[in-house]
Each structure stands twice: as structure tokens, then as C-alpha cells.
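The values are calculated or read from the model by the stated rules, or taken from the named source; none is laboratory data. None of these values were measured; they are calculated from a predicted model. In this analysis, Cβ positions are derived from the backbone assuming ideal geometry, glycine residues included, and neighbour counts consider all displayed protein chains.
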Amino acid sequence: MLAGNEEDMANLVRDNPAAIAIYLSDNFEENEILKAKTALSLVTRAHNVQILARDAGLRRDTLYRTFGGRIDPQLSRVLRLLEALNVKARVTPASRIASPSAIATRLSQAFAFDDPTDTIRELSTVVKSQNVTSLARELGIMRTTVYKTFGGTVDPQLSRVLSLFETFRVRLEVVPSTEPKARPPRPKLGRPRKTLVERP
């Protein structure tokens, strides 16, 4: 059950890709995993989870577990959720001063793929094109861990991706999808009202 302010926000983002994009972009702005997980959890709970899970290609219990706000979701699942919500992810420079626009452009192209596997492979290419030793030092992890996490075969956790973006001085931004997929209308939330049957 959602609290008062959360319920208002949930009503705002329910089946509204533009509002979802603004809300998630605001929460991804600082590359902080806790804010990102909380925002993804609220957006997920605001929708009919069974239909959202079907659209994302995940099981309902997996969707609850992944976006319940407790665990660090994998990047591919985040991208599937965003696609099911009719929004897309792109990468923008975090600040206008000394903006790393080349990296942001390249990463935005990576996030433009429809298949999360292609996005992960392209993210790997961007990471490998950097000085991995200094990148590992800035991330605070070992060089081998950078290769394992962003090698293109492992689905990285969202927290590692956000840490990488913080190092690159870019941020994840969510925008409404330009080509929303045609889907059947979502049913109203909650149980249908019982109808009284008259007995003869």
C-alpha cells in the first residue's frame, strides 16, 4: 500500500509516459542508487503489475522482487521495465561545465537499442575504450572487476552502472518513447465490484 504523497505520485505516473520520464529522470539525476531504486519501485507499484510483467517479458514475482526497492536490479531488467512503460533511457552530460558529451552521445546510442544485450555489449565497448586502470581507481574497484562487470557478457547491476556514469560525469535520463507499442488497454486496478444476483 502506498502512503499519501506516494499515492499522489503513483496516480500521476500511472499510464502517463511523460510523467514517468520526468519523475525517473529527476531521481536518476544524481546517479544515486537508493533514489533510483525507490523511484523504480514506486512506478512499478503504480501500475497493474501482472500486465506490466507481461509487457516486460518477466514473471510477476520477478518484477516484484526486482523492483521492490530492496535489491539492486540488473540493467537489462531496468531496460525491459522502461520499454514496458513506453519510455526510453538515454545518457546526458551531468553538468554543462566540461561536459563529456562524446561519452554521453556514445552511451545514448547504446541505450537506443531495443535489445538489452546489445546495450550491454555497447556499454562494454565504451568502457574498454577508456583507460581501465584509472577508471577502476576512480570507481574504487579492482581492474579485473571492471572487466568482469562491463565485459559484455555479464548483466551489470544498476548501482555499478550509476557509479560508472558518475565517473564519466554523465547521467541516465528517461524520455517518452517516440514509437509507443500498441498494447491492449490496462484494466482498472483493484477487484471488480460484486454484483448482486436476484433469485426468482
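Of all the numbered requirements in (1) at pLDDT 90 or above; (2) in contact with a strand residue (DSSP E or B) (Cβ under 9 Å, 6 or more places away or on another chain); (3) farther than 25 Å from Phe150 by Cα, Leu75 misses one, and that requirement is (3). Summed over region 75-92, residues that are in contact with a Pro (Cβ under 7 Å, 6 or more places away or on another chain) and in contact (Cβ under 8 Å) with a residue 60 or more places away in the chain total 5.
Applying the criterion of being closer than 23 Å to Thr105 by Cα, assigned to a loop (DSSP other than H, G, I, E, B) and among the polar types (S, T, N, Q) to the residues of region 167-198, the residue that is modelled with the highest pLDDT is Ser177. Looking only at region 151-166, residues that are assigned to a loop (DSSP other than H, G, I, E, B) and either at pLDDT below 90 or under 12 Å from Ala36 (Cβ atoms) (or both) come to 4 in all. Within region 5-21, if we keep just the residues that are in a helix (DSSP H, G or I) and in contact (Cβ under 8 Å) with a residue 40 or more places away in the chain, the residue that is surrounded by the most Cβ atoms within 10 Å (Cβ to Cβ) turns out to be Ile20.
State which residue is surrounded by the fewest Cβ atoms within 10 Å (Cβ to Cβ) when the search covers only region 53-74 and only residues that are polar (S, T, N, Q) and under 12 Å from the mean Cα position of the chain (by Cα). Explain how you work it out, then say what you get.
Within region 53-74, the first condition is being polar (S, T, N, Q), and the residues that meet it are 62, 66, 74.
This time we only want the ones that are under 12 Å from the mean Cα position of the chain (by Cα), so: 66, 74.
Details: Thr66: 26, Gln74: 19.
Among residues in region 53-74 that are polar (S, T, N, Q) and under 12 Å from the mean Cα position of the chain (by Cα), the one surrounded by the fewest Cβ atoms within 10 Å (Cβ to Cβ) is Gln74.
From the list Leu34, Leu2, Leu42, Leu24, pick out the single residue that is exposed (fewer than 15 other Cβ atoms within 10 Å of the Cβ), at pLDDT 90 or above and hydrophobic (A, V, I, L, M, F, W, C).
Answer to the selection: Leu34.
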